[in-house]
1. Under 6 Å between Cβ atoms, at least 6 apart or on separate chains: pull out the pairs that start in the stretch 459-476 with a residue that is among the acidic types (Asp, Glu) and end on any residue that is assigned to a strand (DSSP E or B).
2. If I go through the stretch 200-212 residue by residue, how many of them are closer than 18 Å to Ala343 by Cβ and within 16 Å of the ligand (Cβ to nearest atom)?
3. Counting only residues that are in a loop (DSSP other than H, G, I, E, B), free of Cβ contacts under 8 Å to residues at least 60 places away in the same chain and farther than 22 Å from Ala450 by Cβ, which one in the stretch 504-541 is nearest to the chain's Cα centre (by Cα)?
4. Go through the stretch 47-68 residue by residue and tally those that are out of contact with any helix residue (DSSP H, G or I) (no Cβ under 6 Å at 6 or more places or on another chain) and either assigned to a helix (DSSP H, G or I) or touching a residue at least 24 places away in the same chain (Cβ under 8 Å) (or both).
5. Regarding the stretch 17-26, can at least one residue be identified that is of a type in the set (Ser, Thr, Tyr) and surrounded by 21 or more Cβ atoms within 10 Å (Cβ to Cβ)?
6. Would you mention how many residues in the stretch 390-419 are among the polar types (S, T, N, Q) and either in contact with an Asp or Glu (Cβ under 6 Å, 6 or more places away or on another chain) or within 12 Å of the ligand (Cβ to nearest atom) (or both)?
7. Right, Pro379: away from the ligand (no atom under 16 Å from the Cβ), surrounded by fewer than 19 Cβ atoms within 10 Å (Cβ to Cβ) and within 23 Å of the chain's Cα centre (by Cα) or not?
8. Looking at the stretch 1-60 only, could you name the residues that are closer than 16 Å to Phe79 by Cα and of a type in the set (Val, Ile, Thr)?
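The values are calculated or read from the model by the stated rules, or taken from the named source; none is laboratory data. These figures come from a predicted structure and were not determined experimentally. Using ideal geometry, Cβ is built from the backbone for each residue, glycine included, and neighbour counts are taken over all protein chains shown.
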Amino acid sequence: MLQGLMMDYPLTMTHFLERARRYHHDVEIVTKQPDGSLHRYTYGDAYRRVCRLANALTRLGAQPGDRIGSLAWNHYQHFELYFAVPCYGAVMHTLNLRLAPEQLAYVINHAEDRFIFADASLTPMLEAIQPHLKSVERYIIINAPPNFQTALPNVLHYEDILRDEREAFDFPQLDERAAAGLCYTSGTTGNPKGALYSHRSQFIHTIAAGAGDALSLSSTDTVIAVVPMFHANAWALPYLSASLGFKFVLPGPHLRPEALAQLIQDEKVTVAAGVPTLWIGMYQAIKAHGFDVSSLRALIVGGAAFPKNWIEAYEKELGIPVVHAWGMTEMSPMGTSSGTLVARTDLSIDERIAIKTHQGYAPAGVEMRIVGDDGKELPWDGQSVGEIQVRGPWIVGAYYKDDSAAAQFTPDGWFRTGDVATIDPKGLLTITDRTKDLIKSGGEWISSVALENVIMSHPKVLEAAVIAVPNEKWSERPLALIVPRSADDRPTPEELQDLIAAHCAKFWIPDEFRLIESIPKTSVGKFDKKTLRQMYAEGKL
Ligand code: AMP
């Protein structure tokens, strides 16, 4: 190695925490509390409480590398945990509050969490599984009301453990390869699997995610994290906030569309991030009640495809540019984004929207390839369809203490995403399906995602999910489940057949369209196809 190289500076979350203290101490973090009131404080206040919390962790006997769970909504206390735990040297394990009880018990036991910080309102979930939890020594309750009672043992209260602690803490020099965070996948097949993030992976991911062509954020923004802090690091927003110093707005448990629109209006939010379901709901709330959300300069949408008609509704009717992003828990989660398009004034709005219906471009740091059934890499021609495989510094290298999914890692070091896509010659990614969502009819593939997008472009359709159902002749056929916008003006099968025929191969047209009241959603707000298939099998659809 040549002498005189740059410093070997450790990339850790402590760097972001110190930035928050030095540069952004007067910038606000606003939380909507359980009672609906707003809690306001600054990054400077947050820093001092993070120190108190780190001192409290010392007093509790937390050791480097301990897994510490959080079962909480998006709020300032959760933000404090996001920094105190990894900067202390422990591992922040965000628990998904929408998991089924068995899965929640599984992930807590699998991670061997020593302490769990939980919102008072969520303690019933822990009470139900507590007898099965093997490793938890203490439950620390956040936001407990005055008459709070719980059957949990070894309970402490968040404000109590902070009260007498010092507002300074000598954060240790950490190895950048030490674990900082742990997040389990939502487990669409089998048990949830843990993605274990290092300080280094989180650091590089944060720098990349904020950049112009990715999420394009800066200190001039006011950002609301609607995406839960238990879902893939809330898309890095807590770390981005401390790094960049934007005003940060956290909605607490108030995720109803009207409540979100009101908060965006009141706090003059410039960027909002969340899954499509939220924004479809909020659009309707805006139309019905006339909220003024004109402060929004970008709507970041990911976690599921955002259909074209909704991108148009936001861009053309409301004048709010959409940033469509793709990623996954295993990718920290940034995979691709269309952030760059917000600044592309050389393109017409229709040209920009046409690109945004795709999933976007990978930032530097994500390497991508598409691979066919025969294991051979496919060309980037916008036509060839294959599984996306990725590698890079913030992509999972193995699941945490779990070899059951070893097949998701290729012998030559790539992660198999399970998503199926095309890539065009300029690198534009188009997700066409998930491997497990494809419908195979007469030996030919049908894309459930593409069908859903076409059906949801019908003006009388609010939501549509397409599942594969067994068929004697064709082995599988698509069944379309449709939620009409209005019970009085439902789409007819003929209308839908004509619409699909105009966009897809004839054999794609579902044999049956069933109107349902609502589509069940997964813990992170996506269409729950597993439940739909099960309901179908049990004759409940
Ligand atoms: P999760 O780890 O729960 O965030 O789920 C990740 C999966 O969500 C990906 O593998 C995709 O199947 C899906 N997904 C995420 N973003 C998008 C998007 N923009 N379009 C289509 N599918 C998406």
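1. Qualifying pairs under 6 Å: Glu463/Val483; Glu476/Ile439; Glu476/Lys440; Glu476/Ser441; Glu476/Ala468.
2. Residues that pass the stated criteria total 1.
3. Within the stretch 504-541, the match that is nearest to the chain's Cα centre (by Cα) is Ser518.
4. From the stretch 47-68, those out of contact with any helix residue (DSSP H, G or I) (no Cβ under 6 Å at 6 or more places or on another chain) are 48, 51, 55, 58-66; that's our starting set.
With either assigned to a helix (DSSP H, G or I) or touching a residue at least 24 places away in the same chain (Cβ under 8 Å) (or both) added as a condition, the list becomes 48, 51, 55, 58-60, 62-66.
Number of matching residues: 11.
5. no
6. 2
7. For Pro379, the condition - away from the ligand (no atom under 16 Å from the Cβ), surrounded by fewer than 19 Cβ atoms within 10 Å (Cβ to Cβ) and within 23 Å of the chain's Cα centre (by Cα) - is not met.
8. Correct list: Thr14, Val27, Ile29, Val30, Thr31, Thr42, Val50.
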